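J.: Here it is, the structure in full.
The values are calculated or read from the model by the stated rules, or taken from the named source; none is laboratory data. Here the structure is a predicted model, which means the values were calculated and not measured. In this analysis, Cβ positions are derived from the backbone assuming ideal geometry, glycine residues included, and neighbour counts consider all displayed protein chains. We work out accessible area using only protein heavy atoms, side chains counted, and drop any ligands, DNA or RNA first. Shrake-Rupley method; radii C 1.70, N 1.55, O 1.52, S 1.80 Å.
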Amino acid sequence: MSHFKTVLDAYNWDDTLQSIYNKTAEDVKRALGKDKRDLEDFKALISPAAKPYLESMAQQSQQLTKKRFGNTIQMYAPMYLSNECQNICTYCGFSMTNKIPRRTLTDAEILKETAFLKSKGYDHILLVTGEANRTVGVQYLKHAIALIRSQFSNITIEVQPLDQDEYELLISQGLYAVLVYQETYHRDAYKKHHPKGKKSNFDYRLDTPDRLGKAGIHKIGLGSLYGLEDWRADSFFTALHFKHLQKTYWKTKYSMSFPRLRPFSGGLEPKVEMTDSDLVQLICAFRLLDEDLELSMSTRESEVFRDHIVNLGITSISAESKTNPGGYVVEKQSLEQFEISDERSTESFTKMLKSKGLEVVWKDWENNWQ
Amino acid sequence: MKTDNLTIADKTFQSRLFTGTGKFSNSKIMRDAIRASESELVTVALKRVNATDLGDDILTHLNHPSIHLLPNTSGVRTAEEAVFAAQLSREALHTNWVKLEIHPDPKYLLPDPIETLKAAEMLVKAGFVVMPYIHADPVLCKRLEDVGVQCVMPLGAPIGSNKGLKTLDFLEIIIAQSNVPVIVDAGIGSPSHAAQAMELGADAVLVNTAIAVSQNPIAMGTAFKLAVEAGRLAYNAKLAPPKNTAEASSPLTSFLNL
């Protein structure tokens, strides 16, 4: 069973980028005309040559999404458990060198936060922490999952990468999915943005989805952080990663997220701008690559953007999110990981979804099956 | 004109056409048809040959340096019988390759998925290169891959039916998600069926009845050779799209103010 590192090592970043930029209108038209698309078609669809075909891509993306997912959209809520972190990441508000008050939620605080989310209707929860193995290591996560398991049908985490046996332990406790973004697949840029901490180990992070697949996780969420490097190359490598995993760990579901670099305390300006139009192109390209892939959208994006993207391919979305530990109830003013753009209430947001003819799905899993 | 090579386990094949040995009117015609097809992997039913007899008619005619024998377990009904048959063939024919066929149903010869998976796991552990003949079941293909088979051989239609790729939709899924070579087996009745399977992205096809029962098996062997090469070339050259680009009816991207 090969690991993705072997696959990635066969590629060269600059050559890949060049091949994307060399795609022509004919390549785009060919890709648009096919029923099943491969990674060369994906390159064409994310290339500059595809820009004039964006509307056609959007139309097809909408049709494919409706065919596979119907007129539904799933809701989830992130809950930050801790902002403690032993990494330096140049783009993140939780970075170790950032002098902010640190806190990790206690059991009572966790339950206060979850009570708020339950009152809003959420049944799918995403637990988020910084990377601090001693305070929010696997035992803390195991305890947190046990604490809230009866309240939520679907528990997902976005935390530091763990070993396979640690994932197996959390899955046995009711963990459904893990989100782990490579941030960038450019090795040198990765090193520059992660100079210190366990996260600076590019290969360990790259191998995380393989460990998750072996551990038998239900769902793996992938993504890059757009703005660190050329988004076209990073999204190609993300697609390559997804395809490798899908073929190897075939019992696992996959989701894709599209975080763009957002402002935060002491923040980094994006090296490469990814416009709204670029993001629409990328989301549609992923839908055209795979009609079953879950595409997820956070509150990083603006109201206008989110109002339109829910009809273009996105299948799960958050609302009213807080990116600070205790941000819903316990300590609303603690420092955020990044600023959100869409601050509408859950009620207001779901009303908008319904006005577009979309069924709001709160529950789509049963954790008692595990 | 040769296309790209196919590697299975430790062997590389220039031809992506695999053939069978049943139903020919005599062994000489069988030999000539196989040579005309340029097939390098030829399956032979263990139940039909006398492996201990150096003068066995079928084996004698297949004795050629470019031909690799692939014994099959046709006739067995359980995993245990299949493992026993494979062990016999390894001893008699000096090959650890085996085409795993388990069909308890004598009428349609449809493969038993449960016994096949069981046998595949046992044979892989015993060091065999296992090539399982199966229904076009994408989940079974992944399960077989997980236990370590070297390829999968889904059927296009019931064996000997010459009906072509009746399982097309499932073959597409199998090809899209397989990490091992996919060889379409059974049902291929004409060169156009073989070309279609190769255009679809199959790594090889296995043909027997269509060649053996044609009026001119030698010419048909050549026809299949050309069809498989054409299909593979077409697959590598990327087929032109079958439909036009979708036309926008009401703009979905106008909010971007492009």
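J.: Per residue of the protein assembly as shown, what 222 nm ellipticity follows from adding -39500 (n - 2.57) for every DSSP H run with n ≥ 4, rounded to the nearest 500?
T.: -12000 deg cm²/dmol
J.: Taking a temperature of 37 °C and a viscosity of 0.692 mPa s, what whole-number D in µm²/s does Stokes-Einstein yield for the stretch B:1-133 with Rh from Kirkwood over alpha carbon pairs?
T.: 213 µm²/s
J.: Name the lysines eligible as straight-distance cross-link partners of B:K28: C-alpha to C-alpha under 21 Å, and not fewer than 8 places from it in the same chain.
T.: B:K28 reaches B:K47, B:K225.
J.: When only DSSP loop residues count, what trypsin sites (Lys or Arg not before Pro) in the stretch A:215-299 have their Cβ near at most 12 other Cβ atoms within 10 Å?
T.: Here the sparse-neighbourhood loop sites are A:K251.
J.: Residue by residue through A:59-68, how many Cβ atoms from other chains fall within 10 Å of the Cβ on average?
T.: Partner-chain Cβ atoms within 10 Å, mean over residues of A:59-68: 2.
J.: Counting only protein heavy atoms, what percent of the accessible surface of the stretch A:191-242 is carbon or sulfur at a 1.4 Å probe?
T.: 52 percent
J.: Leaving ligands and nucleic acids out of the surface, order B:S192, A:S302 by accessible area at 1.4 Å, largest first.
T.: Listed by decreasing accessible area, they come as B:S192, A:S302.
J.: Just the number: Rg to Rh for chain B, Cα atoms, Kirkwood Rh, two decimals.
T.: 1.04
J.: Please state, to two decimals, what the Cα-based radius of gyration of the stretch A:63-102 comes to when divided by 2.2 N^0.38 Å (N = residues).
T.: 2.04
J.: How shielded is A:26-33 by partner chains, expressed as the average number of their Cβ atoms within 10 Å of its Cβ atoms?
T.: That works out to 3 on average.
J.: Given charges of +1 on the Cβ of Lys and Arg and -1 on the Cβ of Asp and Glu, with all other atoms neutral, how large is the dipole of the stretch A:217-259 about its Cα centre, in debye to the nearest 20?
T.: 380 debye
J.: Show which aspartates and glutamates lie in cross-link reach of A:K34 when reach means a straight Cα distance below 16 angstrom and same-chain residues fewer than eight apart are skipped.
T.: A:E26, A:D290, A:E291, B:D169, B:E172, B:E199, B:E247
J.: In terms of the ratio Rg/(2.2 N^0.38 Å) built on C-alpha atoms, what value belongs to the stretch A:6-154?
T.: Against the compact-globule rule of thumb, the ratio is 1.51.
J.: Here's something else I'd like to know. Quote to one decimal, in nm, the extra length available between B:E80 and B:D32 on full extension: 0.36 nm per residue of separation minus the C-alpha distance between them.
T.: The B:E80-B:D32 span can extend by a further 13.7 nm.
J.: Count, for each residue of A:236-247, the Cβ atoms from other chains sitting within 10 Å of its Cβ, then give me the mean as a whole number.
T.: Mean shielding count: 1.
J.: Taking the alpha-carbon distance from A:K351 and a cut-off under 27 Å, which lysines remain once sequence neighbours fewer than 8 residues away in the same chain are dropped?
T.: Partners found: A:K66, A:K67, A:K112, A:K118, A:K120, A:K322, A:K332, A:K363.
J.: Another question, then. Can you tell me the Rg and Dmax of the stretch A:210-360, counting just the alpha carbons, in angstroms?
T.: Looking at the stretch A:210-360, its Cα Rg and Dmax stand at 16.3, 44 Å.
J.: Further question: In the stretch A:75-130, which trypsin sites (Lys or Arg not before Pro) fall in coil by DSSP and have 11 or fewer other Cβ atoms within 10 Å?
T.: The qualifying sites are A:K99.
J.: Oh, and also: With every protein chain left in place, what is the accessible area per residue of the stretch B:6-255 in square angstrom, probe 1.4 Å?
T.: Value for the stretch B:6-255: 43 Å² per residue.
J.: Just read off the accessible area of A:R187 with the full protein assembly in place, 1.4 Å probe, to the nearest 10 Å².
T.: Roll a 1.4 Å probe over it and A:R187 shows about 90 Å².
J.: So which trypsin sites (Lys or Arg not before Pro) in the stretch A:122-154 pass both tests, a DSSP loop state and at most 11 other Cβ atoms within 10 Å of the Cβ?
T.: Filter output for the stretch A:122-154: A:R134.
J.: While we're looking at this one, here's another question. If amide H atoms are built 1.01 Å from N in the plane of the peptide, which residues on other chains or at least 5 residues away come under 5 Å of the amide H of B:N208?
T.: It is B:G20, by chain and number.
J.: Something else: Throw me the Rg/Rh for the stretch B:56-143, computed over C-alpha atoms with Kirkwood Rh, two decimals.
T.: 0.99
J.: While we're looking at this one, here's another question. Please give the FRET efficiency for A:R68 paired with A:K354, using the beta carbon to beta carbon distance and R0 = 25 Å, rounded to the nearest 0.05.
T.: It comes out at approximately 0.75.
J.: Here is a follow-up. Using just the alpha carbons, could you tell me how many Å³ per residue the convex hull of the stretch B:159-209 encloses?
T.: Per-residue hull volume (Cα only) is 62 Å³.
J.: Size of the dipole of chain A about the Cα centre, Lys and Arg at +1 and Asp and Glu at -1 on the beta carbon, nothing else charged, in debye to 20?
T.: Magnitude of the dipole: close to 340 debye.
J.: Give the ranking of A:K363, B:K99 by solvent-accessible surface, highest area first, calculated with a 1.4 Å probe.
T.: A:K363, B:K99
J.: Cut-off 20 Å, label point 7 angstrom out along Cα-to-Cβ of B:L226: give me the residues of the stretch B:13-53 whose amide nitrogen falls inside.
T.: Of the residues in the stretch B:13-53, B:15-19, B:32-40 have backbone N under 20 Å from the label point off B:L226.
J.: Need the per-residue list for the stretch A:305-326: every residue with at least 30 Å² less accessible surface in the complex of protein chains than in the chain by itself, probe 1.4 Å, sorted by number.
T.: Listed in order, they are A:H308, A:L312.
J.: What's the carbon and sulfur percent of the stretch B:53-175's accessible surface, probe 1.4 angstrom, rounded to a whole number?
T.: 56 percent
J.: Based solely on C-alpha atoms, express the radius of gyration and the Dmax of the protein assembly as shown in angstrom.
T.: 28.0, 90
J.: Rounded to the nearest 100 Å², what's the accessible area chains A and B bury against each other, both chains counted, probe 1.4 Å?
T.: Approximately 2200 Å² gets buried when A meets B.
J.: How many angstrom lie between the C-alpha centres of the stretch B:65-88 and the stretch B:160-221?
T.: Here the answer is 21 Å between Cα centres.
J.: Rounded to the nearest 20 Debye, what is the dipole magnitude of the protein assembly as shown about its Cα centre when Lys and Arg each give +1 and Asp and Glu each give -1 at the C-beta?
T.: That gives the protein assembly as shown a dipole magnitude of about 280 debye.
J.: How large is the Rg to Rh ratio of chain A when both quantities use alpha carbon positions and Rh follows Kirkwood?
T.: Value, to two decimals: 0.94.
J.: Here is a follow-up. In the stretch A:4-361, what % of DSSP beta bridges are antiparallel (nearest 5)?
T.: Counting DSSP beta bridges with both partners in the stretch A:4-361, the antiparallel share is about 5 percent.
J.: Leaving ligands and nucleic acids out of the surface, order A:W362, A:W13, A:W231 by accessible area at 1.4 Å, largest first.
T.: Correct descending sequence by accessible area is A:W362, A:W13, A:W231.
J.: Can you give the angle from 0 to 90° between the axis of helix B:191-200 and the longest principal axis of chain B, with both taken from C-alpha atoms, to the nearest 10?
T.: Between the helix axis and the principal axis of chain B, the angle is about 60 degrees.
J.: For the stretch B:6-255, what is the percent of antiparallel DSSP beta bridges, rounded to the nearest 5?
T.: 10 percent
J.: A further question follows. Positive end of the charge dipole of the stretch B:6-255 (Lys, Arg +1 and Asp, Glu -1 on Cβ, about the Cα centre): tell me which of B:L70, B:T95, B:T19 has its Cα farthest that way.
T.: Going by the Cα projections, it comes out as B:T19.
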